[in-house]
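Participant: What follows is a structure written as structure tokens; I'll ask about it next.
Computed from the coordinates by the stated procedures, all read-outs in this text should not be read as laboratory data. Keep in mind the model is a prediction, meaning the values are calculated, not measured. Backbone-built Cβ (ideal geometry, glycine too); neighbour counts: all protein chains shown.
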Amino acid sequence: MVQDLALTTQAKINLILDVVNRRVDGYHEVEMIMQSIDLADELYFTKIEEGIILETDSTKIPTGPQNLVYKAANLLFNKYNLAGGIKVKISKTIPVAAGLAGGSTNAAATLIAINKLWELNLTVHELRSLGAELGADVPFCIKGGTVLATGIGTELEPLKVTPRLDLVLVNPPFSVSTAEIYQSLDLETAIKHPNLDEMIQALKEEKKLDIIFAMDNLLTHVTMNRYEELKKLENLILEQGAKKVLMSGSGPTMLGFTMNKAAAEKLEARLRAKLPKEYVVKRTKTTSQGIIIK
Ligand code: ATP
């Protein structure tokens with residue numbers, strides 16, 4: 001029987017993020033195209049005699065019951081009355097609270113790892129339902145790729161083609177409260193919604209430039225009105241060679257897209273030279289997988 005498992009857990013961006021309705025229960029109905037990128041954390045799982053023990057190289061995440069990995073493990077241990085315990089080492093690369101679903105992808109990997117280590121034989125569908133109990137992005141992270149998400153973000157329809165996009169992400173040294181941004185979003189006033197159909201068409205036809213120009217995030221204006229410096233950052237990324245800049249989730253991470261890898265390498269170098277050290281600047285690319293078992 002397997003005792004140890006190492007998993008690579010990839011981050012997520014939204015090529016389209018639209019909010020179409022605010023329900024009476026407070027949930028927002030969304031239309032999103034979610035996309036895995038090859039920026040990843042490494043998680044190492046080991047069976048132990050008892051308990052849930054977390055170790056991490058990051059000072060920014062909790063190691064107790066607040067950690068999404070702990071919550072995911074706890075959910076399965078309680079639900080299936082599992083014998084023994086688990087130790088998880090979390091090696092963090094995905095910036096925390098950056099709108100990149102770092103915690104969600106770690107939680108998804110934990111469900112997958114425990115499913116394997118304890119031979120639970122849960123299907124992807126079952127793992128996604130369990131994931132929804134932990135957070136709206138977790139069901140997507142179970143498989144990743146390129147996915148249309150509707151409802152409150154948990155109704156998923158995989159799209160057949162993953163676009164090959166090169167990008168540089170810039171994570172400024174401050175965080176944005178997702179709840180606060182959604183609360184300030186006023187769906188009554190005229191705001192231009194992203195064009196989902198145009199994006200789906202561009203993805204089907206695999207036209208890179210059309211895909212890049214169809215990318216849009218409804219929350220951009222809300223976040224940028226509150227954090228003026230993000231407008232400056234957007235301009236800088238454009239000036240330094242990006243074809244397009246997209247805000248990730250509710251921010252503050254900004255994504256600069258280029259037409260190829262060489263252009264992304266140049267953009268990364270220029271932004272590193274221009275921005276203070278506290279800004280995380282990382283070149284990455286889109287990928288068709290969320291979690292990789294090593
Ligand atoms: P999303 O895009 O899904 O809203 P995010 O990328 O903005 O998420 P995360 O990196 O998942 O944000 O972190 C959100 C919060 O979750 C942080 O306050 C962090 O302390 C907490 N957290 C708990 N467990 C983890 C984990 N394993 N990795 C990262 N953050 C975690």
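Participant: For a quick size check, give me the Cα extents of segment 120-185 along its three principal axes, largest first, whole Å.
Facilitator: 41, 31, 23
Participant: Can you tally the net charge around residue 173? Count Lys and Arg as +1, Asp and Glu as -1, for every other residue whose Cβ sits under 10 Å from the Cβ of residue 173.
Facilitator: Here the charged neighbours net out to 0.
Participant: Under 13 Å from the 7 Å Cα→Cβ point of residue 161, by amide nitrogen: which residues of segment 189-205?
Facilitator: Only 199-205 fall inside the zone, counting backbone N under 13 Å.
Participant: Suppose R0 equals 51 Å. What FRET efficiency, 1/(1 + (r/R0)^6) with r the Cβ-Cβ distance, do residue 269 and residue 2 give to the nearest 0.05?
Facilitator: Calculated transfer efficiency: 0.75.
Participant: With 10 angstrom as the radius, rank 154, 220, 123 by how many other C-beta atoms surround their C-beta, starting from the fewest.
Facilitator: Listing 154, 220, 123 from fewest to most nearby Cβ atoms yields 123, 154, 220.
Participant: Arranged by the count of other C-beta atoms within 10 angstrom, fewest first, what order do 137, 210 take?
Facilitator: 210, 137
Participant: Could you work out Rg/(2.2 N^0.38 Å) for segment 166-285, with Rg from alpha carbons only?
Facilitator: For segment 166-285, the normalised Cα radius of gyration comes out at 1.09.
Participant: Suppose R0 equals 25 Å; then what is the FRET efficiency for residue 191 and residue 243 from their Cβ-Cβ distance, rounded to the nearest 0.05?
Facilitator: Calculated value: 0.60.
Participant: Another question, if that's okay. Within segment 28-45, list the residues whose amide N lies under 17 Å from a label point set 7 Å along Cα→Cβ of residue 80.
Facilitator: Zone members listed by number: 45.
Participant: Something else about it: Excluding residue 102 itself, calculate the net charge of residues whose Cβ lies under 11 Å from the Cβ of residue 102, where each Lys or Arg counts +1 and each Asp or Glu counts -1.
Facilitator: Residues near residue 102 contribute +1 overall.
Participant: What is the distance in Å between the Cα centres of segment 1-69 and segment 213-263?
Facilitator: Computed from Cα coordinates, the inter-centre distance equals 23 Å.
Participant: Let me ask something additional. Could you size up the charge dipole of segment 52-157 around its Cα centre, putting +1 on the beta carbon of Lys and Arg and -1 on that of Asp and Glu, and report it in debye to the nearest 20? Show your work: numbers first, answer last.
Facilitator: Numbers: 9 positive and 8 negative charges, 58 e Å.
It works out to roughly 280 debye.
Participant: Follow-up. Provide the convex hull volume over Cα atoms per residue for segment 220-293, in Å³.
Facilitator: Once divided by residue count, the hull of segment 220-293 is 120 Å³.
Participant: So, one more: Please give the per residue volume of the convex hull enclosing the alpha carbon atoms of segment 4-159, rounded to a whole number of Å³.
Facilitator: Numbers: hull volume 17.1 nm³, N = 156.
Convex hull of Cα atoms, per residue: 110 Å³.
Participant: Counting other Cβ atoms within 10 Å, keep those with at most 12, restrict to DSSP loop, and tell me which GluC sites (Glu not before Pro) in segment 216-275 are left.
Facilitator: Passing both the DSSP loop test and the Cβ count: 228.
Participant: Right, here's the next one. Quick one: length gained pulling residue 288 to residue 178 fully straight, 0.36 nm per residue minus the C-alpha distance?
Facilitator: In short, 37.0 nm is gained.
Participant: Largest first and in whole Å, what are the equivalent-ellipsoid semi-axes of the chain based on the Cα gyration tensor, each being the root of 5 times an eigenvalue? Intermediate values should be presented prior to the final figure.
Facilitator: Working: eigenvalues 202, 91, 69 Å².
Computed over the chain, the values are 32, 21, 19 Å.
Participant: How large is the helix-only mean residue ellipticity at 222 nm for the chain, computed as the sum of -39500 (n - 2.57) over DSSP H runs with n ≥ 4, divided by its residue count, in deg cm²/dmol to the nearest 500? The partial results should precede the final answer.
Facilitator: On the way: 10 runs with 99 residues, N = 294.
So the helix-based figure for the chain works out to -10000 deg cm²/dmol.
Participant: Please state the relative contact order of the chain as a whole percent: Cα pairs under 8 Å, 6+ residues apart? Mind dumping the intermediate values first?
Facilitator: Numbers: 626 pairs, mean separation 73.7, N = 294.
Computed value for the chain: 25 percent relative contact order.
Participant: Do any GluC sites (Glu not before Pro) in segment 1-98 lie in a DSSP loop with no more than 13 other beta carbon atoms within 10 Å, and if so, which?
Facilitator: Here the GluC sites (Glu not before Pro) that fit, given the DSSP loop and packing criteria, are 49, 50.
Participant: Considering only DSSP beta bridges where both residues belong to the chain, give the percentage that are antiparallel (nearest 5).
Facilitator: The antiparallel proportion sits near 90 percent.
Participant: Reachable lysines from residue 60, Cα under 24 Å, same-chain residues fewer than 8 places away excluded?
Facilitator: By straight Cα distance, residue 60 reaches 12, 71, 87, 89, 92, 277, 282.
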